[in-house]
Amino acid sequence: RSVSSVTIPPPACMLRPLEVPQRYLFGPGPSNVPPRVLAAQGRPIIGHLHPEMYEIMNDIKRGIQYIFQTENNMTIAMSGSGHAAMECAVFNTVEPGESVLVAINGIWGERVAEIAERIGANVHRIVKQPGGYFSNKEIEQAVEKHKPVLFFLTHGESSAGLCHPVDGIGDICRKHNCLFLVDTVASLGAAPIFMDKQNIDILYTGSQKALNAPPGTAPISFNERACHKMFNRKTKPLSYLFDMTHLSNYWGCDGQPARLYHHTGPVSGFFALRESLAIIAEKGLEESWKKHKEVAAYLYRGLEDLGLKLFIADKDLRLPSVTTIVIPDGYNWRELLAYMMKHHQLEMTGGLGPSIGMVLRIGLMGYNCEKTNADMALHALAEALKNCKKSKV
Ligand code: PMP
């Protein structure tokens, strides 16, 4: 057998054209992408180290500073999904053996706790049932007890549909010399957050939710306190790809005259992210928050008219981008979802992590955040409820 001959034939699937269905993405993300962002992503590739690319990255940095409401210089987009930002935040600011405090009221805190454990941090958890939230007093007591270098909180808990209050927590962390890390993957653009004014030390989000870019890039920002901690480490961060000493240079944040090759950024993904940030800048953050709130309120009324119960009882704590409803008695939630996908090409999802089997989730974010889409979601759900009734669990 000659080593130069091919023995594995081309797979039959590769000889068929790519097929991608049109779907209404009314789950917790990814969300539908507006044509303008899709078009941006389809522009010709340029080199990741070309001056025009640096300009685009500079624009992205300014766009992120706006949506985060921060003046932090150390503001970049990760080459990777929301998890890349989660790992970047923890890998860079925590060293093995240091104490980390994580608030868990759904899946995301648990994920961050695991990430911190994997790098050998001493992780302490404060836990509530999905949909629960922590008072500032509870947080302060835990911070006093565990003396963490980092406290993690999820702003938009997408697995439960809760938008956690943030006011005052940054001050508590500051008082106890601890960094405050906040996840806004599911909430940014849909609910107000003010990185500088709320004393948040590290903030990150994702591209594919209310920003309506394709998945694969994740904005993140570090303030002076966070930079001080991460650039005065005794050990190097575990990840080379996510090391902020390199990423800060790649994004022109380290004051060096030259940007050096570190990794090849997702050029098309950055085009799309830039355009999605431009859309939100043109519209204005306040307008975006207002719209999400209005459409969510409209959706709540429609759901209650269908006899459904919202999972988060307190209106003020509901996450405007992702609405959770209690799975109605006598229905198999998987069948409801399958019915809507089959007959309406419409995606809603079940719970995630601890909320599996507890809730259905409806996401109307950014481009999808319209009353007409809420009507479509309500209609599909009403049909599913009518047609899946006998399927007792
Ligand atoms: N945090 C929250 C609150 C999320 O909703 C998600 C995505 N569902 C993530 C983090 C993780 O983001 P990704 O799936 O882009 O890695």
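Quick note: the coordinates plus some simple rules give every number you see, no bench work behind them. Everything numeric in this text was worked out from a predicted model, so none of it was measured. Every residue, glycine among them, receives a Cβ derived from its backbone with ideal geometry; neighbour counts consider all protein chains shown.
Summary of computed values
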| item | result |
| --- | --- |
| Alpha-carbon spread of the chain, three principal axes, descending order, Å | 67, 64, 52 |
| Largest-first ellipsoid semi-axes for segment 111-231, taking √(5λ) over the Cα gyration tensor eigenvalues, angstrom | 22, 17, 15 |
| Cα-based Rg / Dmax (Å) for segment 20-135 | 18.5, 50 |
| For segment 136-197 versus segment 28-92, the gap between their alpha-carbon centres in whole angstrom | 23 Å |
| Segment Glu294-Asn387, extension gain: residue separation times 0.36 nm, minus the distance between their alpha carbons | 30.5 nm |
| Span per principal axis, largest first, for the Cα atoms of segment 173-217 (Å) | 38, 20, 12 |
| The chain: calculated mean residue ellipticity at 222 nm from DSSP helix runs of at least 4, using -39500 (n - 2.57) | -12000 deg cm²/dmol |
| Largest to smallest principal axis extent of the C-alpha atoms in segment 264-376, angstrom | 48, 32, 29 |
| Cβ-derived FRET efficiency at R0 45 Å, Thr245 paired with Ser5, nearest 0.05 | 0.45 |
| Packing-based ranking, highest mean first, of 180-191, 19-30 given that Cβ atoms within 10 Å are counted | 180-191, 19-30 |
| Cα-based equivalent ellipsoid, segment 307-368: semi-axes from gyration tensor eigenvalues, Å | 19, 16, 10 |
| Taking Tyr204, Tyr240 and counting other C-beta atoms within 10 Å, the order from fewest to most | Tyr240, Tyr204 |
| Footprinting exposure proxy for Val359, Val127, Val3 (fewest neighbouring C-beta atoms within 10 Å first) | Val3, Val127, Val359 |
| At 1.567 mPa s and 4 °C, Stokes diffusion of segment 244-303 via Kirkwood alpha-carbon radius, µm² per second | 87 µm²/s |
| Long pairs among Lys175/Lys197; Lys209/Lys291; Lys293/Lys371; Lys145/Lys175; Lys137/Lys290; Lys209/Lys342, criterion Cα-Cα beyond 18 Å | Lys137/Lys290; Lys209/Lys342 |
| Order of Leu15, Leu303 - criterion: other Cβ atoms within 10 Å of each residue's Cβ, fewest first | Leu15, Leu303 |
| Relative contact order computed over the chain (Cα-Cα under 8 Å; 6+ residues apart), in percent | 23 percent |
| Label point distance in nm, Lys371-Asp314, each placed 7 Å from Cα along Cα→Cβ | 2.9 nm |
| Relative contact order %, segment 1-137, counting alpha carbon pairs below 8 Å whose residues are six or more apart | 14 percent |
| Segment Val326-Arg23, length gained on full extension (0.36 nm per residue, minus Cα span) | 106.7 nm |
